[in-house]
Amino acid sequence: MSGLAITIPVAMLMGLAALGIFLWALRSGQYEDMDGASQRILDEDDTP
Amino acid sequence: MTCCVPSDFAVVENDPAAIENDGAALGALSRRLGDGTAQLEFAVPDAHCAACIRTIETSLAALPMVRTARVNLTRRRVRIVYDPTQGSPATFAPTIKAAGYHTYVLDPSQESDGDPVLAELIRALGVAGFAAGNIMLFSVSVWSGANDATRDLFHWISALIALPAIAYAGRIFFRSAWRALRVGKTNMDVPISIGVILATALSLFETINSGHHAYFDGATMLLFFLLIGRTLDHLMRERARNTISGLARLQPRGGTLVRPDGTREYVKLREIEPGMTLEIKAGERLPVDSVLLSPGSSFDYSIITGESLPHTIDVGQPVVAGAASLAGPVQVRAERAATDSFLARMAAMMEAAEGAKTRPRRIADRAASLYAPVVHTIAIGTFLGWGLISGDWHAALTNAVAVLIITCPCALALAVPIVHVVAAGRLFERGILMKDGAALERIAEIDSVAFDKTGTLTSGTPRLVRSSLPDDASAAIAAALAASSTHPLSRAIAHGLDQAPRVLDEATEIAGKGIEAQIDGATWRLGSARWCGVTDPTDGSVWLSRDGRPVGSFAFEDSLRPGAAGAVATLTARGLPVRLLSGDAAGPVLAAAWEAGISEAHHSLAPEDKLADVARGRTLMVGDGINDAPALRAAHASMAPSTAADIGRSAADFVLTGDDLGAVPFAIHTARSAARIVVENLGIAIGYNAIALPLAISGQVTPLIAAIAMSASSVIVVLNAMRLRLMTRRPRATAPGVAALKERTA
């Protein structure tokens, strides 16, 4: 039972962190151009 | 359309009057970024691979004023940040065109920065997904045997996560349901909201009383699945709307006003009043019905009447709004206000056609209107039945809530939008933009297809098919004369002769006659037979003459679009009769019909005639002109090429961005496959309810069973929709990988 006191908050925090990262990625425009991102990887030049 | 191979058309097409080449207008469209730079967006509908991105970005970045240029492949547009002090933005469009891509500027004022509805949906989706995932962890522990204090603790933690998440993510449904209820209506969101709220309330009650079953996982998972359907539906609609509204901004909406003192000012369309003097540049379209003030000139009426050859208008004669000046610049006097012009009359006719037509209700709406009363009756029946028979009102309430949860329309809500999203994606890949799912349902039901001729079945631009010139020297002169004019036939000659353009010092264009110039001491003319000294024209419609003596002639043809004959053959083979409706004269209409293999052709039709024709039966109308707009609206389903008039594009359900008419049978095939899958999906959703509902009524459904049944039905529906991609796959000569490789290395 005492293990739960640690593992549950840890699991919750990890979940919240994932949610936070998702919202951050959304806000910083990383979902704006999904098709472009998949094609740009084929571009050999590293400088954007 | 081949990727990464510049089409010669794109480079040749350079209309001096287009807004893309007007530095001042582009400056006004730019968005100031504060640090002295400005931002402009251009649509690049043809870009679709890594090489396209690279070509466009590097060619733009090479310009001195461009700070950054970034292509967004999803929205098919390029965003350019530039320094207005370093140069004019008028070079952007020519640069993109020189790189081999069609382009046009986008108006940022008509564009909201980002999409607030989508942002809200995705945030809600994220929150619901997070809550459902985490609650499920606790639920699994409860199902696998946690009891007493542990179970209570897990239920409490679940409640802590679920309550804010449901309040946040459920808002979208609660709001919509409340809006419907307030006006005494019901929609799909009403049962969803009731189900979610009741399930949450019951679970909370159970948690407080240390009960065995809590439905927090079911409630959040339900919201999660429903939000996926909602988001996909929204995404698809937005994507089509964005691209179409982008297309609609091709034409500057206004005209250049010439004041009595000679100063010029750009006025908006609705500010134009009768009596104003307007200047129309070459290639520009008349904003309102007017009277010509300049000496005789020729106008392109193709978008209005469908006739490809220009009309010659004398001074004092009326010109209809939408006609493009070919010789320009010319001055005209506005005769009517915009609200009263030819365009406005067409728009009124479209509205009338819209009102007269009974649109069949969408499948999803029909399902929803049946769904809510049935589900609520069953839930209340379960509650009363259990309560009255067993007397255990707590169990009765639990079972009634189980009914609401199990019947909550996850699969039903996903069944239709997921298919439409897959279909829209498939159509988008072939260059077909779809306005909404209703259009897809309608186009699957058509029983005949009607094509317009000019600009739809044909490319709308005349092509040089024969020239009878004695030598290369005269060909060079003809090409030089032709290059100095914007007349469609001149363009065809310049393009068709393929001679290095020779620059002429002075060439005069005489409306309705032709072009004249002094070259090497002789008077050369390129124009009508009579003007070139031909008394008995037997061949060709344009002649070349030297000092009044005819030298040679040219013959033209309005060529069919690529794939036109193939499309007609495919449609006929599928049992869809094809007919041709045109405002053009009998000769060219019958010729085009014969070439395309269409057996039924109607010529010299007024817009009213076309409207009456397509209103019979379930017709798919494919047209582009202003005169087609009412017919496009009246037809059961409609398509317009992206070269169509604004009004035509906005009237049509589908817009074809490519040149190939093979897209028409493809769209019908995709729509029919989609309709079949929608029916299958609804069948799966109903079948699932048929199995799960008796279990719920009899009180056998625990939260575990509810969770499994709900996700299984949703996943099956999604997987079934994915089959559409397989059903509409094109048979290829080479393996797809090889073709893609070839495209990239080309």
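Each value in this text was obtained by applying a stated rule to the coordinates, not by laboratory testing. This is a predicted model, so every value here is computed, not measured. In this analysis, Cβ positions are derived from the backbone assuming ideal geometry, glycine residues included, and neighbour counts consider all displayed protein chains.
Descriptive notes on the structure:
- Ranking of B:Phe383, B:Phe154, B:Phe205 by neighbouring Cβ atoms within 10 Å, starting from the fewest: B:Phe205, B:Phe383, B:Phe154.
- The range B:392-451, dipole about Cα centre (Lys/Arg Cβ +1, Asp/Glu Cβ -1), debye to the nearest 20: 220
- Calculated over the range B:103-215: convex hull of Cα atoms, volume per residue (Å³): 148
- Pairwise Cα distances in the range B:460-560 exceed 18 Å in 38 percent of cases.
- Rounded to 0.05, the FRET efficiency of the A:Leu13 and B:Asp83 pair, given R0 = 60 Å and the Cβ-Cβ distance, is 0.85.
- Take every pair of alpha-carbon atoms less than 8 Å apart whose residues are at least six positions apart; their mean separation over the length of the range B:254-340 yields a relative contact order of 37 percent.
- For B:Asp558, distant residues with modelled amide H under 5 Å away: B:Arg463
- Normalised contact order of the range B:460-560, rounded percent, pairs of Cα under 8 Å and 6 or more residues apart: 30
- Partner shielding of A:24-34 amounts to 3, given as the average count of beta-carbon atoms from other chains within 10 Å of each residue beta-carbon.
- Pairwise centroid distance, computed over Cα atoms, of the range B:705-723 with the range B:636-702, Å: 19
- Exposure proxy order (Cβ contacts within 10 Å, fewest to most) of B:Asp472, B:Asp83, B:Asp189: B:Asp472, B:Asp83, B:Asp189
- Amide H contacts of B:Gln317: B:Leu292, each under 5 Å away and 5 or more positions distant or on a separate chain (H built 1.01 Å from N in the peptide plane; Pro and chain starts excluded).
- Residue exposure sequence - B:Val183, B:Val315, B:Val288 - by fewest surrounding Cβ within 10 Å: B:Val183, B:Val315, B:Val288
- Nearest-0.05 FRET efficiency for B:Ala565 and B:Ala585, computed from C-beta distance (R0 35 Å): 0.95
- Nitroxide proxy distance, nm - points 7 Å out along Cα→Cβ at B:Leu160 and B:Thr702: 2.6
- Exceeding the 28 Å Cα-Cα cut-off - candidates B:Lys97/B:Lys610; B:Lys281/B:Lys513; B:Lys281/B:Lys435; B:Lys453/B:Lys513: B:Lys97/B:Lys610; B:Lys281/B:Lys435
- Measuring nothing but alpha carbons in the range B:254-340 and taking Rh as the Kirkwood radius, the Rg to Rh ratio lands at 0.94.
- For the peptides B:651-661, B:595-605, B:440-450, B:143-153, residues were scored by their other Cβ atoms within 10 Å and the scores averaged per peptide; the highest-first order is B:651-661, B:440-450, B:595-605, B:143-153.
- Considering only Cα atoms, the convex hull volume of the range B:395-461 works out to 101 Å³ per residue.
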